[in-house]
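**Q** Pasting a structure here, questions to come.
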Amino acid sequence: MADWVLLGLIGALLVLLLLTLFGFAIYSGLISEVVVSAGSPPIRNITLAYKFKVGPYGECGKLFTESCSISPKLCSIGVYYDNPHTVPPEKCRYIVGCILSEGEEKPSEELIRLFQKFSFKIFSFPAPSHVVMATFPFTTPFSIQLAVNRVHPALDTYIKERKLCAHPRLEIYKGDRIYFVCPLARQGDFYVPEMKEMERKSRAAEADDAQTDITGADTLSETSSISLEATTDSRETSVATSILSPFTAGRGRDELDNRSEHSCSESGASGSSFEELDLEGNGDGSAGQPSDLGYAEEQETTKAKWAKEPTALEKERGEE
């Protein structure tokens, strides 16, 4: 009889443990609905302290811990510039840090000196005018893992279906919510100096390679020239039918001005304009309308910013 009582107690404890774990998962956001929308952003212009890293996104937790340990009361932020599904983990670029001030508020000089003491850099982001966004509960550390597995795929699907140019991807930890924000315009303003410098070096290297290829092309025979032309035509046909891949590697704003329109036309994904979206805000979509005439033109030049990474031959043709 005593054995049956003992087994019953063990069974009851196991059931209680499972119910506790299930309740914890639900509290962390396991069954929370993920709603992706386009409209006005949940943040204004911000000043942040950050560190720039190149490497697997899975290692960013160390930087979050470091920044939070300096000032636990500040909102944390992470900005991810590359698509981890298409870019090798060791080449992914991101920043992690804390928001020092938002809107018209100026950051504390004491906070700035404190973060600079630990090798953090200071930078400002403008208020994004229109974004693709989603939110997720931030109630436990497990909420972060749930958000990564549920929100990012939902954002990918939303952006891909509407052929939008939305990048980079911002994660803002504010109170009991995680805000996922993807700017729809002026994406270059969200590139820190280290990113822009890497892009400049990359373009310089591409230009050198293209110059070398052009110089060597003089020695090609007539038959080789005809073959190259046929290959180029075939590539254009193939690229024209390709599908826009969201959350891919971003480019600096300088490169955006020179090459994004060309890349957009070659990718075959014209992208949806703001006017075509059912933007959130006042209920009639007016919140998503551009505020100036130049805005639409700028959006047209940014549609392919996160299109599929160009091949080497595409890069060569872009430089020519």
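The values are calculated or read from the model by the stated rules, or taken from the named source; none is laboratory data. None of these values were measured; they are calculated from a predicted model. A quick note on method: Cβ atoms are made from the backbone with ideal geometry, for glycine too, and the neighbour counts reach across all protein chains shown. To get the accessible areas, we keep the full protein, side chains included, count just its heavy atoms, and leave off ligands, DNA and RNA. Shrake-Rupley method; radii C 1.70, N 1.55, O 1.52, S 1.80 Å.
**Q** Starting from the Cα of Gln116, step 7 Å along the direction of its Cβ; do the same at Ala2; then give the gap between the two resulting points in nm.
**A** Inter-label distance under the simple model: 7.3 nm.
**Q** Something else now. Please list Glu109, Glu33 from largest to smallest accessible area, probe radius 1.4 Å, with all protein chains kept in place.
**A** Glu33, Glu109
**Q** Taking H placed 1.01 Å from N in the peptide plane, check which residues at least 5 places from His130 or on another chain put their amide H under 5 Å from its amide H.
**A** Residues meeting the amide H criterion: Leu184, Ala185.
**Q** Search the structure for amide H atoms under 5 Å from the amide H of Leu100, placed 1.01 Å from N in the peptide plane, and list their residues when 5 or more places away or on another chain.
**A** Thr47, Leu48, Ala49
**Q** Given the protein chains as shown and a 1.4 Å probe, how many square angstrom of Leu9 are accessible, to the nearest 10?
**A** 100 Å²
**Q** While we're here: Report the gain in length on full extension from Thr20 to Lys106: 0.36 nm times residue separation, minus Cα-Cα distance, nm rounded to one decimal.
**A** 26.5 nm
**Q** I've got another one for you. Below 8 Å, C-alpha to C-alpha, sequence gap of six or more: please give me the relative contact order for segment 33-195 in percent. Display every interim value, and only then the final one.
**A** Details: 306 pairs, mean separation 50.7, N = 163.
Answer for segment 33-195 is 31 percent.
**Q** Further question: What is the sum of charges, Lys and Arg at +1 and Asp and Glu at -1, for the other residues whose Cβ falls under 11 Å from the Cβ of Ile77?
**A** Taking every Cβ under 11 Å from that of Ile77, the sum is -1.
**Q** So who's got an amide H within less than 5 Å of the one on Lys174, skipping anything under 5 residues away but keeping other chains? H placed 1.01 Å off N, in plane.
**A** Tyr179
**Q** Follow-up question, since we're still on this one. Counting only heavy atoms of protein chains, what accessible area per residue, in Å², does segment 1-142 have with a probe of 1.4 Å?
**A** 57 Å²
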